[in-house]
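Computed from the coordinates by the stated procedures, all read-outs in this text should not be read as laboratory data. Bear in mind that the values here come from a model prediction, so they are computed numbers and not experimental data. No Cβ is skipped: glycine too gets one built from the backbone with ideal geometry, and neighbour counts run over all protein chains shown.
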Amino acid sequence: MATGGSPHSQTALRFGAQIAGRVGETPTLLTVISREADRPKADAILARALQLLKPAISKVEAKVRVGHPAEEIIREAEERSYDLVVVGERQSHRLVTRFLLGSTAARVVEHAPCPVIIAKGKIGSINHILLCDSGAESPSLLSRFSAQLPALTEGEVEITILHVMSQISAGPGVSGQQLRADAEELIELRAPEGELLEQDIQLLEQLHLSARPKVRHGLVVDEILAEAREGDYDLLVIGAHRGEGWRRILLDDLAHQIIVGADRPVLVVR
Amino acid sequence: MTDSPELEPIASASGNSELSWPTQGPISWTAALRIARERLRLDKVVLFIISLFLFILAIILMREGARGLVPLVRDQFSVTNAANSLGFGWLFAYMIMSGSPVAAAALTFFDAGVVDELGAFAMITGSRLGASFIVLFIGFIYVLRGRDRATNLSMGLLPLSVTGTTYLVGLAVGTVLLQTGALDGVQLRSGMLLNSAMSLVFDPIVSLFASFLPGWSLFIIGLGIIMLSFNLFDRCLPQMTVKESQVGRVSRLVYRTWVMFVLGAAITLISMSVSVSLSILVPLSNRGFIRRENVIPYIMGANITTFIDTLLASVLLSNPAAFTVVLVQMVSVTLVSSVILITFYRRYERAMLDFVAWVTTTNLHLALFMITIFIVPIVLILM
């Protein structure tokens, strides 16, 4: 759990405490200062953070690193092989976030070796999860994330597996049945999107979790954010931007756009 | 090179066929394939040379014939100002179902003094607007045959909407560039040697036509030949059968806007036609689908390099002002597209997609749209 003492960092702490309390592991509380002279400031930040965490977690390991916040969080994650990094993200103006980004959270998401939760918006218990699976990655998003899923949830959890079809026909004469179909129809038609949703449902059933498949048609980012708002989900789960080789340069960073636009916690799975 | 679309997936003659070469003789499989490829390439090269020869011949014939059309264009069609030229180019492209020949015609009209600099510029803009209609027209025929509106019209409506918005703003930017003469100094000339060679080859042919045909008819013959040359040029392009290949999988991804912008510009630079460039997208995806996110920047890129044949025509005319007109067209569309991509692309993207969705929602909306795109150029001509 990374904190800089700001209000959005406190959101991250509260969310991190909730998860850590459920898992039963000792979490690490990290703050980063730009120079050694700021160590008293770091101690004060950690003391405030420990007070905030106290009701939920009894044991916390506190750490101070010196350097650039994003770089030090990533370095710490690499050195200690954490299962999860929790950071906050300010609800800033989109234009500012877009052009100055930027933000520590965005850089951590881009380079961290493990999944990252960006805690923002309303923080509560995780009962309603929106899992956004593009199907473009191998292994699939859910198979990479399924081992950690039970630790995040408690009691009855509703999971919606969302696939957004942003395709349109590339020219006249193309059969457009699948371009209008809902999840059930795509599963019935054995379309690639239907098979993906079916695989995800089967995987969740093995974990004794039930899930509802859903397909939306439109621009990927817009539809994910609209579904998140309309369904009032507690957590969005998305895949990270592919960070290697030609894909990094050529493919659009949709994960970043979702993080910037979302008004609730986002878990980015690598 | 033409705007006449071939939107059905193109089947490769050699791609999937089981080749069975004679077993006797020293020829190996790899050598046989290499020979087959070389033969295929030679065919394309010959076809390319023929289409280029016809293109040059057509431009010269149109230039010679354009002078004879002054009374017809000025008096009968009343093309006397930029608005008239815009509407004239627009309707002309509808009529011949292609934009590039109209753009070339605009240059020959300018060279012959039928229209002024601004008129030629507006007529070229009109030609692109008219050319964008062609893919929509094909889709409209599918709709009339009972296929659904959204699937069959989206890829016709999107290029038309993107071209309409960027070119009409580009028209204003271009007018300023032309009036200030900001790009007058940038020139590309064909050179004395090339001009002499062209005169040597093409003048006798043009003289032959002119000896027994009225002057104005040379323009019509040139127009026919330029359409034939574009048609032949389309056949020079490599054919693709990808279906379930790696390319098919790659087409499912969402690319950065500038990647699709450059790709659209590069493919159209080779194909010289937006509709051919768009039709290439069909066989590139295994189900004939393309991501919404990828389409608009691709069209924007394609809309710039589609002028490459018109630029070539201006060089062949050896008219520096004609070259400036085409260059201004390319620069103004590039400027408008770049501003959109850099500043408010997401809002623009949503607006275009929402508009396409609105048009395809009901038959009434579609009818209103179709009537509008026919009435507007007619009104422009009458202005």
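Of A:Gly218, A:Gly121, A:Gly155, the residue with the greatest mean-square motion in the GNM of chain A, using alpha carbon springs below 10 Å, is A:Gly155.
When B:Val114, B:Val376, A:Val116 are ordered from fewest to most other Cβ atoms inside 10 Å of their Cβ, what list results? Before the final figure, lay out each step's value.
Working: B:Val114 25, B:Val376 15, A:Val116 28.
Ascending number of Cβ neighbours within 10 Å: B:Val376, B:Val114, A:Val116.
Restricting the calculation to alpha carbons of the stretch A:1-89 gives Rg and Dmax of 12.0, 36 angstrom.
The Rg/Rh ratio for the stretch A:151-270, using Cα coordinates for both the radius of gyration and the Kirkwood hydrodynamic radius, is 0.98.
Using the 10 angstrom Cβ neighbour count as an exposure proxy, how do A:Asp38, B:Asp203 rank, fewest first?
Details: A:Asp38 15, B:Asp203 12.
Ascending Cβ contact count within 10 Å gives the list B:Asp203, A:Asp38.
The Kirkwood hydrodynamic radius of chain A, based on inverse pair distances between different Cα atoms, is 19.6 Å. For chain A, relative contact order (Cα pairs under 8 Å, six or more residues apart, normalised by length) works out to 20 percent.
Per the Cα gyration tensor, the stretch A:225-270 maps to an equivalent ellipsoid with semi-axes of 24, 10, 7 Å, ordered largest to smallest. Partner lysines whose Cα lies under 30 Å from the Cα of A:Lys54, excluding those fewer than 8 positions away in the same chain, are identified as A:Lys41, A:Lys63, A:Lys120, A:Lys122. Per-residue ellipticity at 222 nm, computed for the protein assembly as shown from helices alone with -39500 (n - 2.57) per DSSP H run of at least four residues, works out to -19500 deg cm²/dmol.
Using the alpha-carbon positions of the stretch B:335-378, Rg (one decimal) and Dmax (whole number) come out as 13.7, 36 Å.
Residues B:Leu193, A:Leu236, A:Leu52, arranged from fewest to most other Cβ atoms within 10 angstrom of their Cβ, appear as B:Leu193, A:Leu52, A:Leu236. The fraction of Cα-Cα pairs per 10 angstrom bin, counted from 0 for the protein assembly as shown, comes to 3, 14, 21, 19, 16, 13, 9, 4, 1, 0, 0 percent, rounded to whole percents.
The order of the peptides B:222-228, A:141-147 by mean Cβ neighbours within 10 Å, most packed first, is B:222-228, A:141-147.
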